[in-house]
Amino acid sequence: MYAIETAGLSKAFRNIYAVQNLNLKVPEGSIYGFIGENGSGKSTTEKLICGLLNPSGGEIRLYGKHYTDAGIRARMGVLIENPGCFPGSTVYQNLMMQALNLGIEKPKAEVERVLKLVSMAGAADRKFRQCSLGMKQRLGVAQSLLGRPRLLVLDEPINGLDADGMRIVRETLIELSREEGVTILISSHILGELSKIATHYGIIRNGTLIKELREDEMSEECRDFVFVKTNNDTQAVSVLSQKYREVEQKDGGIRVYDETESANVNGLMYSNGLSVNEISFQKIGLEEYYLRIMSRKGEVA
Ligand SMILES: Nc1ncnc2c1ncn2[C@@H]1O[C@H](COP(=O)(O)OP(=O)(O)OP(=O)(O)O)[C@@H](O)[C@H]1O
Ligand SMILES: [Mg+2]
């Protein structure tokens with residue numbers, strides 16, 4: 001079953017579509033990385049899923065039920081854009097107000113639990129307005145975790161976090177996913193960080209989903225290769241193509257995809273009288289894959 005499934009989801013603001021015919025499938029228990037350029041419709045999609053905006057068309061189902069289902073909505077944690085906090089109240093007070101609003105039993109223990117999860121227990125008495133951007137961001141994550149949600153929707157939760165802050169949020173999310181089976185929809189621009197936690201990816205452009213894939217499919221796309229530069233790349237390509245299926249000239253050198261040992265490529269070059277100027281083993285990261293997809297304008301996968 002899908003934790004989130006949208007069909008033909010659309011949202012127009014004054015006749016301009018921010019989200020158009022979007023079919024998103026977020027499997028239960030997944031950490032779904034939602035990627036797209038500025039203005040591509042990520043936050044709008046997330047607001048629609050959370051019921052903060054009304055769709056102009058299409059459907060949203062959460063765990064197979066209509067997205068307005070009260071039982072499901074009660075088990076949803078949300079952080080979209082900024083955490084709604086009172087600037088003059090402390091971190092603890094802000095969380096407590098929300099815990100009381102949500103009708104959480106034993107709110108004190110729950111607030112302490114979430115503060116600990118994001119390593120903010122030491123900053124509990126700090127006024128919100130005196131918090132750094134990273135602290136505010138972590139407080140927002142803490143807020144979304146109140147009441148042990150089954151489904152988390154997090155819009156750029158690691159924006160503005162330093163390496164340590166990112167690690168804390170990353171470890172928290174992985175733990176929630178693995179140990180409690182929480183499903184997490186997370187948008188982020190920090191693709192390197194996202195690739196450390198996501199089990200699925202959705203890439204959105206101009207309000208339309210252009211690619212949805214699992215982590216293993218992504219790894220397949222982000223394959224390893226040996227990169228080599230020689231004194232005669234044209235000849236090298238022809239030599240390499242006799243042995244390897246996928247050989248590509250790129251970035252002023254040659255990529256050999258179906259090889260993991262640079263020594264093998266080096267040996268082949270040497271035995272064909274070519275000299276190697278540079279050789280290395282490399283991997284296409286999520287960042288490069290994403291840029292490649294985005295550069296194929298107009299094409300829909
Ligand atoms: N309330 C609104 N009224 C009018 N247009 C809006 C409104 N909210 C969003 N938009 C427009 O919808 C489009 C999608 O915006 P959205 O905020 O969903 O993008 P995003 O992918 O979250 O971008 P970012 O990476 O910058 O956060 C943009 O063109 C934006 O200007
Ligand atoms: Mg946004």
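Bear in mind these aren't lab numbers, they're just calculated from the coordinates by the rules spelled out. Source: prediction; values computed, not measured. As a convention, Cβ positions derive from the backbone with ideal geometry for all residues, glycine included, and neighbour counts pool all protein chains shown.
For the peptides 242-252, 116-126, 201-211, what is the packing order when you average, over each peptide's residues, the other Cβ atoms within 10 Å and list the highest mean first?
Working: 242-252: 12.5, 116-126: 15.8, 201-211: 20.9.
The densest-packed peptide leads the list: 201-211, 116-126, 242-252.
Under the rule of at least 5 residues apart or a separate chain, name every residue whose amide H is placed under 5 Å from the amide H of THR230.
Long-range HN contacts for THR230: ASN277.
What's the ranking of 135-142, 232-239, 153-160, 186-193 by average number of surrounding C-beta atoms within 10 Å, highest first? Spell out each step's value before the answer.
Details: 135-142: 23.2, 232-239: 15.6, 153-160: 21.8, 186-193: 18.5.
In descending order of packing, they fall as 135-142, 153-160, 186-193, 232-239.
Please report, in debye to the nearest 20, how large the charge dipole of segment 223-283 is about its Cα centre when each Lys and Arg carries +1 at its beta carbon and each Asp and Glu carries -1 there. Show your work: numbers first, answer last.
Numbers: 7 positive and 9 negative charges, 10 e Å.
For this selection, approximately 40 debye.
Can you say what percent of the DSSP beta bridges in the chain, counting only those with both residues inside, are antiparallel? Round to 5. If you can, show how the numbers build up before the last one.
Numbers: 35 of 53 bridges.
That works out to approximately 65 percent antiparallel.
In degrees between 0 and 90, to the nearest 10, how far off the longest principal axis of the chain does helix 286-295 point, with axes built from Cα atoms?
On a 0 to 90 degree scale, this one is about 80.
Along the charge dipole of the chain, Cβ charges K/R +1 and D/E -1, which of GLN249, ASN206, PHE225 sits furthest on the positive end?
Value: ASN206.
Dipole of the chain (Lys/Arg Cβ +1, Asp/Glu Cβ -1, origin at the Cα centre): which of SER177, GLN235, VAL91 lies farthest to the positive side?
Final value for the positive-end residue is VAL91.
P(r) for the chain, please, calculated from all Cα pair distances in 20 Å bins and given in %.
Whole-percent P(r) values from 0 Å outward: 30, 46, 20, 3.
Determine the alpha carbon to alpha carbon distance for each of LYS11/LYS196; LYS25/LYS211; LYS25/LYS283 and list only those over 20 Å.
Details: LYS11/LYS196 31 Å; LYS25/LYS211 11 Å; LYS25/LYS283 28 Å.
Over 20 Å Cα-Cα: LYS11/LYS196; LYS25/LYS283.
Between TYR270 and MET294, what is the label-to-label distance in nm when each label sits 7 Å out along the Cα-to-Cβ direction?
Going from the TYR270 label point to the MET294 one covers 4.2 nm.
Would you please give the FRET efficiency between ASN15 and LYS116, computed as 1/(1 + (r/R0)^6) with r the Cβ-Cβ distance and R0 = 45 Å, to the nearest 0.05?
Details: r = 47 Å, r/R0 = 1.06.
With R0 = 45 Å, the Cβ-Cβ based efficiency is 0.40.
Assign unit charges at the C-beta atoms only (+1 for Lys and Arg, -1 for Asp and Glu), then state the dipole size of the chain relative to its Cα centre in Debye, rounded to the nearest 20.
Working: 37 positive and 38 negative charges, 232 e Å.
Using Cβ point charges on Lys, Arg, Asp and Glu, the chain gives about 1120 debye.
Mind pulling the angle between the C-alpha long axis of helix 107-117 and the longest principal axis of the chain? Nearest 10 degrees, somewhere in 0 to 90.
20
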